[in-house]
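**Student:** Just passing along the structure, written as structure tokens.
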Amino acid sequence: MTSHNPANEEEEELTTRELRAWYITFAGTEPYIVAVLSVFIPIILETYSSQAGFKLEDRNVPCDITIEDYKCVTKFGMWYVDSASYSFYIIAASVLAQCLVYIGCGSLADFGNNKKKMLLGFAYAGAFFTIGYILVLNPNMYWLAGLLAILSNVCFGASSVFFLACIPSYAHVHPDVLQVKRNDGTEKEIHDIEEKISNQLSVMTLFWGIPSGIFILAICSVITIFMEDKMLSLKIGCVISGIWCIALLTFPVLWMKNRSGFPLPKNQNYFTLSFKRVGRTIKSARELIEIVKYLIAWFILSDGFGTVRTVGTIFAKKVLKLSQIELLLVSIVLPLSAIFGAYGFLRIQRYFNLSTKKMVIITTSLLCLAPAYALCGFIAPFGFKHSWEIWLFAIYYGGLLGATQSFCTVLFSSLIPKGHENEFFSLNQITDKGSSWLGPLITGIISDVTHDLRNSFWYLFFSLLIPVLIILTVNVDKGRKDAELFAENEKILLKNQINNQDYNENEEEKEKEIV
């Protein structure tokens, strides 16, 4: 019996059409992050939960959202929570649900022929749940808006596991990398070209995804201007985003190759094997200590990324009283700045010949200044005291956000054992979403206790500062060597399992012949 060997498929050269289909996939799914999750959902949840809530001082009097810096509470299960906290708690619940899904996804991509199916399947499901917002007919259905937020976020998050895992896989088979290998390049030359290609792939996704998100935001802005029902315009924006995703996914369906992984070991199933592999990976932490340090930093940092945007949106709406149109326009400026920032910092990296690790440290250190500026508002006449400051924040934070996320993805890719991309990117997403509930939960509690969103920026400041200190200790060269050794040991283990499987099957066939 001959075993399937994916090595040949791994060396099949990446084509322009397949790469373009991968980019288009991101163009279809990224509007959910740029527009729906970052802008539409927080506004819908906060507005509807407030309209269905009551005044803080008297829980029998309906909330009046027309007054400045209103303080209201909303029923959340058996409790009453601050209406601004409701969206935080919903997002926290959604990312907790994501963790279990991510663990179960690892082996679905690394074994068998499931990569393409799972990438597109979860994206389609997320798009349909996003379209479902049109069914939220009135403020009393804020619970349905929360449920759809959880389901759509879980699906798009799972899809991103398979999407991001393509970066190291595609870098290995990129024409430029294969050319260096054919010319018998040194190990350092191969690593350097793979890192360069990984950075290029990561940045290029922004040039496809962010304009797509801006396009959806722009359409929704126009609809909002001409529609009297502002909430309906946001729900229509969700529908358009879902339809846009479904339409663009046609191209990866037709053009993306289904690059197979290793055969599933006998007497194993995908779901339980995923949990076993993640468990084994965690147990192997002593062999991959540099990845562990990175993941600890990413656990904290990714939480800060997402929470800053959510808190900023609600702070601008509730405290600074930005209109819905202004919020949409600010949300266009932020991702637009991310494109220029990612490209600009990539040019800076190449000009000064800086490592990816150094770029992560530089951009993350600069990000810390954003919440620090907001904290100045406690004692100074500036620090998010005026609406115009939000525009400066969008330009500054957006310009750094795209670059930081891109460099972090590449840094992590350089530490992953070859052949385990999906498994480790699943672990990366578990780390990401495993903390992403923490920020919304803590800021929700802070808002509940103090009824002042500005206090939330203390947490956000330290969630961006601490990862810088941890990443400073990461030894990339050692991490890469550890990853190579880990991958080699895993190959030997898997080969032995397959050989034992073939031997047992041959013995069974001999016994049948004797009988």
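**Student:** Calculate the FRET efficiency for Thr250 and Ile379 from the Cβ-Cβ distance with a Förster distance of 56 Å, rounded to the nearest 0.05.
**Tutor:** Values: r = 55 Å, r/R0 = 0.98.
Working from the Cβ atoms, E equals 0.55.
**Student:** Return the distance in nm (one decimal) between the two label points of a simple spin-label model at Ile190 and Leu232, each offset 7 Å from Cα along Cα→Cβ.
**Tutor:** 6.1
**Student:** Over segment 23-259, how many pairs of lysines fall under 28 Å by alpha carbon, counting only those 8 or more apart in sequence or from different chains?
**Tutor:** Here the count comes out as 19.
Only the coordinates and a few stated rules stand behind these numbers; no lab work does. Please read all numbers here as calculations on a predicted model, not as lab measurements. Methodologically, a virtual Cβ is constructed for each residue, glycine included, from the backbone with ideal geometry; neighbour enumeration extends over all protein chains shown.
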